[in-house]
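*Asks:* The structure follows.
The values are calculated or read from the model by the stated rules, or taken from the named source; none is laboratory data. Source: prediction; values computed, not measured. Using ideal geometry, Cβ is built from the backbone for each residue, glycine included, and neighbour counts are taken over all protein chains shown.
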Amino acid sequence: MAHPRLIYTELQATVAADMSTAEMLFERAKHLPENLQAEALHYVDFLLTRRAAEKEDKEWSQFSAAQLSRQYSPEDAIYDDE
């Protein structure tokens, strides 16, 4: 008889071919105890928060660059003249 881990890995490969990543996460998480499911959920929340913060940082950078370009023209860059 094959080792249970090997059977599980083969089953994962077969099932994974027809599933989205979110579906695979859900299917695997169902086999975890409740405390580890909660930990996985907290990690997903962390990733979503980090992604939102990165998006906000990028938006602020773009806003700042737009404001700066309106305020100053290339002729104002006297420090570039040598």
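*Asks:* One residue is enough: does the stretch 13-31 have a residue meeting the conditions loosely packed, with under 10 Cβ neighbours inside 10 Å, of a type in the set (Asp, Glu) and modelled with pLDDT of 90 or more?
*Replies:* Within the stretch 13-31, none of the residues are loosely packed, with under 10 Cβ neighbours inside 10 Å, of a type in the set (Asp, Glu) and modelled with pLDDT of 90 or more.
Listed here are the residues, each with its yes/no results for (1) at pLDDT 80 or above; (2) of a type in the set (Val, Ile, Thr).
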{"residue": "Ile7", "(1), (2)": "no, yes"}
{"residue": "Gln37", "(1), (2)": "yes, no"}
{"residue": "Leu41", "(1), (2)": "yes, no"}
{"residue": "Lys58", "(1), (2)": "yes, no"}
{"residue": "Ala66", "(1), (2)": "yes, no"}
{"residue": "Ser73", "(1), (2)": "no, no"}
{"residue": "Glu82", "(1), (2)": "no, no"}
